Amino acid sequence: MRILDIIGMSFKSLWRRKVRTLLTVLGVVIGSCAIVVMISLGLGMDNAMKYYLTQFGDLNVITVYGNVWTDGQTEPMKITEENVEYIKTIENVEGIFPKLAINSEMVSVCAGRGERYRRMYGEIYGVYPEYLEKFGYKFKEGEVPEIFSQNFIIFGEQSAYNFFDTKKKRNNTTYPQEQEDGTMSDPFFNPMEEQILVYVNNTNKFVEDNMWGHYESAGKAYEHKMTCVGILDAENSGGNWEAFDGLFVSMDFADELYDSYVKANKIKDAKPPEISELKIYVNDINNVATVQEQIEAMGYYCDSMESARQSMQGQLGSLEAMLGGLAAISLFVAAIGITNTMIMSIYERTREIGVMKVLGCKIKNIREMFLIEAACIGFVGGIAGVLLSFIISFIFNKFGSSMLGLDYMYQLNDGTTLPISLIPFWLVIVALLFSTFVGIASGFYPANRAVKISALEAIKNE
Amino acid sequence: MSFIEVDNLRKVYRIGNEKVIALDSISLNIEKGEICCILGTSGSGKSTFLNMLAGLEKATKGTVKINGREVTSMTEKELAEFRQETTGFIFQSYNLLASMNAVENVAMPLMFKGVHPLIRNNRAKKMLRAVGLEKRLYHKPTQMSGGQQQRVGIARALISKPPVVFADEPTGNLDTKTTAEVMEIVVRMCRKHNLTLILVTHDNDIAKYADRIVHIVDGKIESDYPNVSIVPPEEKKLTETERILENLNKINDTEENENENQ
């Protein structure tokens with residue numbers, strides 16, 4: 001028998017009992033819709049949770065701290081370049097971001113004509129600038145150039161406020177302050193427009209000529225003129241606090257600054273520069289835990305959003321399972337409905353099935369007809385269920401958070417709302433496949449019954 | 001070797017602890033193209049006999065061979081194929097599918113064979129014309145009279161030109177006038193295509209359409225003789241030859257027709 005004929009026969013018999021078919025389909029609609037909506041609510045919660053966690057830091061990132069006493073007994077581990085190289089080779093590590101801190105005691109930073117503005121405090125960080133964006137740093141102005149030369153420097157959002165004016169005796173410092181018109185007060189200069197001068201200190205003296213004081217160097221060893229290529233956006237840099245007032249240069253340049261400081265001040269048995277912090281980007285959230293374990297096994301103290309994520313995920317998981325279970329019950333009821341309808345229809349069609357057998361219809365084809373009928377009920381119910389879920393999901397997203405009093409969870413500060421219910425494309429496909437599968441599964445027993453009907457039924461005369 | 005060979009066929013039903021012998025060791029040979037009437041009162045076992053010939057019921061003992069193939073030992077799957085290829089069935093209560101119109105009902109055996117809808121519907125229309133229902137092609141069974149429905153049933157049974165056609169009280173639900181019409185059509189068409197017709201009835205008037213009448217009483221063959229009422233023995237040979245000649249012509253005709261269609 002041609003497959004189109006089998007489908008045609010199935011449709012015909014479904015169509016013959018329109019109301020009954022419709023009611024059975026309705027059961028599947030409710031069941032599949034319940035499942036899709038419940039899962040979409042779970043996905044919405046998941047999404048909100050991830051959103052909040054990323055406010056505190058990237059979920060894919062592990063931070064390794066050097067020089068931390070982990071258990072109070074063993075000597076704290078330092079992050080050496082050797083270990084950085086090793087960590088780079090750990091499976092699932094996609095990128096690493098070491099940070100070499102050079103403090104203001106070693107290096108001075110000036111800006112403006114005649115070195116008018118001088119930095120009071122704060123560190124310079126040697127980093128791999130090409131990885132800044134991967135590790136969550138966002139730019140307010142400028143960007144990371146393709147080739148990052150030693151002359152380039154990147155300012156934190158408020159780094160320019162750390163400079164004081166050497167020409168003034170009073171009011172020579174500034175800080176970000178909201179003005180009457182709502183805008184922020186400007187620093188003394190715009191780093192993007194001024195030349196920045198960096199030099200290594202040579203025999204320091206601490207001078208208190210402003211409200212913070214600063215290190216005054218007797219001489220300038222290793223002087224370097226630099227251009228600011230970008231200013232970071234601290235608030236959106238995902239918990240990277242150095243984006244506020246740090247200065248970023250290339251790792252090579254930071255190494256050089258360190259070396260010249262050691263040389264200029266004739267420091268004996270100088271240790272190699274120490275990486276204060278190493279960030280590791282893991283390719284997938286689900287691999288974070290294993291990578292973190294491997295690094296902790298090396299003796300380092302690590303930190304990531306993983307533990308927070310896991311405990312939240314665990315709680316959400318059980319809530320989602322409960323919702324899904326409730327929904328599954330309604331689909332199960334629908335499945336019983338399909339089986340019931342099919343058995344009824346077989347009772348009615350006993351004679352017809354007998355006739356078909358006598359006329360030479362193959363058993364296989366009879367089974368297929370009934371399975372296709374059941375699958376159709378499931379599939380059509382699935383489609384309608386998914387459409388209905390989209391409507392319900394839309395209503396939830398539009399009115400749900402205030403209706404259910406969940407504003408605190410889904411409403412963001414800027415007035416936008418996170419979706420309460422999320423229906424990704426895969427969920428649509430899964431729902432359709434699942435409802436069809438439920439249809440076929442519940443049609444299995446009736447189909448076998450139909451197959452067993454004797455051809456003799458056709459002969460019986462009522 | 002005959003076309004249909006029934007050898008020592010026995011059927012015993014078990015009702016509680018009691019055994020009821022429905023068929024008691026029946027042996028019978030039927031030739032190709034023969035129109036054979038199985039005549040008997042109700043409860044004589046004639047319907048059981050037909051069911052076993054068509055492979056609808058399992059025999060307790062004995063064998064049925066049709067065209068050299070043993071029907072009694074076939075599996076369900078083999079039976080389905082056997083029915084597609086070899087048999088047609090005309091029911092007492094027509095058994096047309098209510099959801100289908102006449103053309104679709106007639107085309108159904110071809111659908112089970114996997115014939116393309118255009119081809120099978122064309123052939124179904126031709127069959128319906130042959131039984132005189134050209135004006136009822138798209139009527140549903142409920143919109144037709146009993147005689148018309150049975151003519152659709154006949155068209156359905158004969159559409160794939162099966163070598164054997166079984167008819168189980170084909171006129172049992174019809175009045176006398178319609179009975180005659182329907183019987184004429186069946187017999188004429190079977191003769192035209194040289195099909196073997198096994199006709200089960202309790203009605204002596206129907207039996208007169210057959211070449212041969214087998215009378216079954218209490219599960220046994222009581223008598224088995226050629227039907228003298230329509231063909232006198234001395235003339236039979238002549239008409240047989242005529243019939244064969246006529247059939248040859250008809251077969252050529254239909255083959256030509258079918259070639260045209262394809």
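The values are calculated or read from the model by the stated rules, or taken from the named source; none is laboratory data. These numbers were taken from a predicted model, which means no experiment stands behind them. We place every Cβ from the backbone using ideal geometry, glycine too, and count neighbours over all the protein chains shown.
If the condition is being polar (S, T, N, Q) and more than 22 Å from residue B:64 (Cα to Cα), then region B:6-20 contributes only B:17. Cβ-Cβ distances below 8 Å connect the following pairs, each with a first residue in region B:127-139 that is modelled with pLDDT of 90 or more, a second residue that is acidic (Asp, Glu), and a separation of six or more residues or different chains: B:128/B:134. Residue pairs whose Cβ atoms lie under 7 Å apart, sitting 6 or more positions apart in sequence or on different chains, and linking a residue in region A:439-462 that is over 23 Å from residue A:27 (Cα atoms) and more than 9 Å from chain B (Cβ to nearest Cβ) to a partner that is surrounded by fewer than 19 Cβ atoms within 10 Å (Cβ to Cβ) and polar (S, T, N, Q), are A:453/A:350; A:457/A:350. Remark: pairs (first residue in region B:1-18, at pLDDT 95 or above; second residue among the small types (Gly, Ala, Ser); Cβ separation under 6 Å; 6+ apart in sequence or on different chains) are absent. Taking the criterion of being more than 9 Å from chain A (Cβ to nearest Cβ) and crowded, with 19+ Cβ neighbours inside 10 Å, the residues of region B:115-124 that qualify are B:120, B:123, B:124. Taking (1) under 30 Å from residue A:150 (Cα atoms); (2) at pLDDT 85 or above in turn, residue A:293 satisfies each apart from (1). The residue that is farthest from residue B:114 (Cα to Cα), among those in region A:312-355 that are touching a residue at least 60 places away in the same chain (Cβ under 8 Å) and within 14 Å of another protein chain (Cβ to nearest Cβ), is A:345. Scoring residue B:41 on the criteria (1) assigned to a helix (DSSP H, G or I); (2) more than 13 Å from the chain's Cα centre (by Cα); (3) more than 8 Å from chain A (Cβ to nearest Cβ) leaves a single failure, condition (1). If you go through region A:138-165, how many residues are surrounded by fewer than 22 Cβ atoms within 10 Å (Cβ to Cβ), touching a helix residue (DSSP H, G or I) at 6+ places or on another chain (Cβ under 7 Å) and under 30 Å from residue A:208 (Cβ atoms)? Adding up the residues that qualify gives 1. Residues in region A:152-168 that are assigned to a loop (DSSP other than H, G, I, E, B) and either hydroxyl-bearing (Ser, Thr, Tyr) or farther than 17 Å from residue A:115 by Cβ (or both) were compared, and the one that is modelled with the lowest pLDDT is A:166.
Of all residues in region B:147-157, those satisfying the criterion of being away from chain A (no Cβ under 12 Å) and under 12 Å from the mean Cα position of the chain (by Cα) are B:154, B:155. Taking the listed residues A:137, A:125, the one that is touching a Leu at 6+ places or on another chain (Cβ under 9 Å), hydroxyl-bearing (Ser, Thr, Tyr), in a strand (DSSP E or B) and within 23 Å of residue A:63 (Cβ to Cβ) is A:125, with no other qualifying. Does residue B:62 satisfy being surrounded by 17 or more Cβ atoms within 10 Å (Cβ to Cβ) and within 13 Å of chain A (Cβ to nearest Cβ)? Spelling it out, it is not the case that residue B:62 is surrounded by 17 or more Cβ atoms within 10 Å (Cβ to Cβ) and within 13 Å of chain A (Cβ to nearest Cβ). Each residue in region B:78-100 was checked for being of a type in the set (Gly, Ala, Ser), within 8 Å of chain A (Cβ to nearest Cβ) and closer than 19 Å to residue B:115 by Cα, and 1 of them qualify.
For region B:181-227, a tally of residues being part of a loop (DSSP other than H, G, I, E, B), out of contact with any Ser or Thr (no Cβ under 8 Å at 6 or more places or on another chain) and buried (at least 19 other Cβ atoms within 10 Å of the Cβ) returns 4. Among the residues of region B:101-114, those identified as under 18 Å from residue B:89 (Cβ atoms) and within 14 Å of chain A (Cβ to nearest Cβ) are B:104, B:105, B:106, B:107, B:108, B:109, B:110, B:111, B:112, B:113. A single member of A:383, A:391, A:366, A:395 is in a helix (DSSP H, G or I), more than 14 Å from chain B (Cβ to nearest Cβ), among the aliphatic types (A, V, I, L, M) and closer than 18 Å to residue A:440 by Cβ, and it is A:383. Applying the set (1) part of a helix (DSSP H, G or I); (2) away from chain B (no Cβ under 14 Å); (3) touching a residue at least 24 places away in the same chain (Cβ under 8 Å); (4) of a type outside the set (A, V, I, L, M, F, W, C) to residue A:421 leaves exactly one unmet item: (1).
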